[in-house]
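Everything below concerns the one structure shown next.
The values are calculated or read from the model by the stated rules, or taken from the named source; none is laboratory data. Bear in mind that the values here come from a model prediction, so they are computed numbers and not experimental data. Every residue, glycine as well, gets a Cβ built from its backbone with ideal geometry; the counts of neighbours run over all protein chains shown.
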């Protein structure tokens, strides 16, 4: 089972800062998948690790090695969002850092909301959906979507979605990782998911074909592997079965 | 004794024709004198041998060039200019100039001055044994001859003769002049000796004019001694040579001599014929002299003009020199001060940089440890050890330490902002930010303090309200404002933080407390002053850096900070900030 946690890579040489990050991030459902303390360590880890976002201290041992590493990310084929972490508020430092196109800056000392906000904003900016999380909107990215879940952010792979339904004016998403209320319409959500194994079974339901256990056409009901039930409407039945056969 | 009178006149006439003859002619130097000029003239040395007759830029050079061209007036002007100037001239130069000057003065018939000048030249010349010195004896001799000081003339010319090179071109003239001196002194034998030698030498040099002169003077010599038979052929030769020489004055003299001779011999027809020829020439000479005078006048004007030009040029040169000198000295003074100012500026800049660097290092390096202390204290306090809670004293001192560290942390942050802002080096990156999010980030650190102080806190925040600001600076402002509000609010007091839309372009953040308040007039008068602080509810005074910095940072964000406060009635601080141009959906 794939984790729905957002994976964070750290490049930081200060023990105090590492311990603060290690304390805060996991408790907010972020996963630190690697910590590098030097540029060399960072480059070798960068090739091996899959991460969603990097937090990079600009100064390592007094040298702007962090900027060098950011350049590596900037030039690589798989661009990744990253946040510059620094205790400096000197313009000069930032003008150099800016050349590597960072998604956000976080100034030390930082508190928990500042850190979480910085990460959210970095992702929003990277995916050009600024303000989305505050408005409970999902941000789609390469077979997954990011969304705010309470105080923290999660990354949900499409595979983990069981079904989506309407919840008042919003859209409720039932996944292996729990339920999400997203401030988006089911139609807009369907547009994003149409390349995956998803099908509209009802005006108010989108279902993941891979999660279906059994279909009861007479009862207009779909039984999922997890035991949950999804409605199947007469209008969508024909289209549903066409795709269901193909994919099943 | 009728005869001697005309004879003398004749003789004088012949002689004088010699003086005026040389007037417009190119001057010839003796070879020795020429080489001496070339040795000491800077112009000739600079320009090479070809330049001996060409004008250059040097006064000395031009003096002898004018002289040798026969433009003696110009030469004289330059010679005077050189001797008047303070410039140092070497001995040989002085010798040359004195000689030239003497010759010019002689030609101007200023014989006394000529004698003085030439005597000085001779003095220098003999003393230094210049090869050309004896030539000057001859010139001086000639001057004396012209002055009718025949004995002195003869003496100097004899002196010349004693050291003269035979065969030099000037030899016949000088020998002839020596003969003339003796003729006037009535020392006929010496006169005959020298005049005949002069004749021979002129013959040798094929100098027709010289031969004419020699012939006529020899004729006169014999005629004065009543040796008519010897005189007659020389009178006729003289006429013939004078005709060939094509020199009017001498021809005239030749005719006059013959006319007188025939008149004395009572051959009036012949005498009348020669007299008529004489008259004819007299007229043409008169005409020529008139032209001469006109030319002379023109020349005088030209000389005056040239002199004027030379003077003007000198003045102009002097003026340029003075201007140049003034400019140079101004430049010198200017560059000296520029250098001094630049050095001082460099020093000041360096000192200022050192100060800023020191400040930023200090604050930067203090910022981290103080923050760590603060965090550790917070941790201890939030873990809420039972043991601690049961000991109120320990609990209180820990709490106070935490607040102190928090305030110091803020002070450090403020100082750093203040230093960087003054340097123009403060990070400034305005972007669209949700006010609620910014406030949440800042409030996080103040909730415990307010709880501790039992301050009631209320948020009245407009959802999804965005401002276009630099996050870091606005957070700093909010921290300061919240810190102030808590500081001046009595325990049990109230703080309300609210946001709202001012108009389409602006939004506001307001922090209102019902604390002790303060006199706003002190704030307006000097909001940037440091140490402008009021004691807080616990009697502590801050640095007063906070509000000044806040005003500046809000201003930098294109916002406004309005403060209304009344002592005893609390304070309301409203920060108006710009909204993004296009509100996000």
Counting only residues that are within 27 Å of residue B:401 (Cβ to Cβ), crowded, with 19+ Cβ neighbours inside 10 Å and within 11 Å of another protein chain (Cβ to nearest Cβ), region B:440-471 contains a total of 4
State whether one or more residues within region B:244-252 are farther than 16 Å from residue B:278 by Cβ and not in a helix (DSSP H, G or I). yes
Point to revise | Check on residue B:381, away from chain A (no Cβ under 14 Å), modelled with pLDDT under 85 and crowded, with 17+ Cβ neighbours inside 10 Å | key: yes
For this session: Determine, yes or no, whether residue B:81 is farther than 25 Å from residue B:181 by Cβ and surrounded by fewer than 24 Cβ atoms within 10 Å (Cβ to Cβ).
Result: yes
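For region A:118-199, which fully contained strands (runs of 3 or more DSSP E) count at least 3 residues that are touching a helix residue (DSSP H, G or I) at 6+ places or on another chain (Cβ under 9 Å) and crowded, with 23+ Cβ neighbours inside 10 Å?
Values: elements: A:139-141, A:144-149, A:152-157, A:161-167, A:170-175, A:178-182.
The qualifying strands (runs of 3 or more DSSP E) are A:161-167.
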When region B:93-109 is checked residue by residue, the ones that are surrounded by fewer than 16 Cβ atoms within 10 Å (Cβ to Cβ) and either within 17 Å of residue B:141 (Cβ to Cβ) or in contact with a strand residue (DSSP E or B) (Cβ under 8 Å, 6 or more places away or on another chain) (or both) are B:109
Check your understanding: Among the residues of region B:127-136, is any at positive phi, more than 31 Å from the chain's Cα centre (by Cα) and without any contact (Cβ under 8 Å) to a residue 40 or more places away in the chain?
Key -> yes
If you go through A:108, A:5, A:79, A:98, the only one that is within 14 Å of another protein chain (Cβ to nearest Cβ), at pLDDT below 90 and farther than 22 Å from residue B:372 by Cβ is A:98
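Looking at region B:163-197, which of its residues are in a helix (DSSP H, G or I) and closer than 21 Å to residue B:132 by Cα?
Listed by number, the residues that qualify are B:163, B:171, B:172, B:173, B:174, B:175, B:176, B:177, B:178.
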Among the residues of region A:8-21, the number that are without any contact (Cβ under 8 Å) to a residue 60 or more places away in the chain and more than 14 Å from chain B (Cβ to nearest Cβ) is 3
Exactly one of A:84, A:145, A:59 is more than 9 Å from every other protein chain (Cβ to nearest Cβ), more than 18 Å from residue A:10 (Cα to Cα) and touching a residue at least 12 places away in the same chain (Cβ under 8 Å), and that one is A:145
Only one of (1) outside any helix (DSSP H, G or I); (2) surrounded by 10 or more Cβ atoms within 10 Å (Cβ to Cβ) does not apply to residue B:337, and that is (1)
_Test: residue in region B:417-432 that is facing chain A (nearest Cβ under 9 Å), under 30 Å from residue B:398 (Cα atoms) and within 60 Å of the chain's Cα centre (by Cα)_ = yes
Scanning region B:538-585 for residues that are within 14 Å of chain A (Cβ to nearest Cβ) and within 18 Å of residue B:483 (Cβ to Cβ), the one modelled with the lowest pLDDT turns out to be B:549
Subset of region B:559-574, residues within 16 Å of residue B:494 (Cβ to Cβ) and in a strand (DSSP E or B), comes to B:565, B:566, B:570, B:571, B:572, B:573
Residue B:283 fails exactly one of (1) within 22 Å of residue B:157 (Cβ to Cβ); (2) modelled with pLDDT under 85, namely (1)
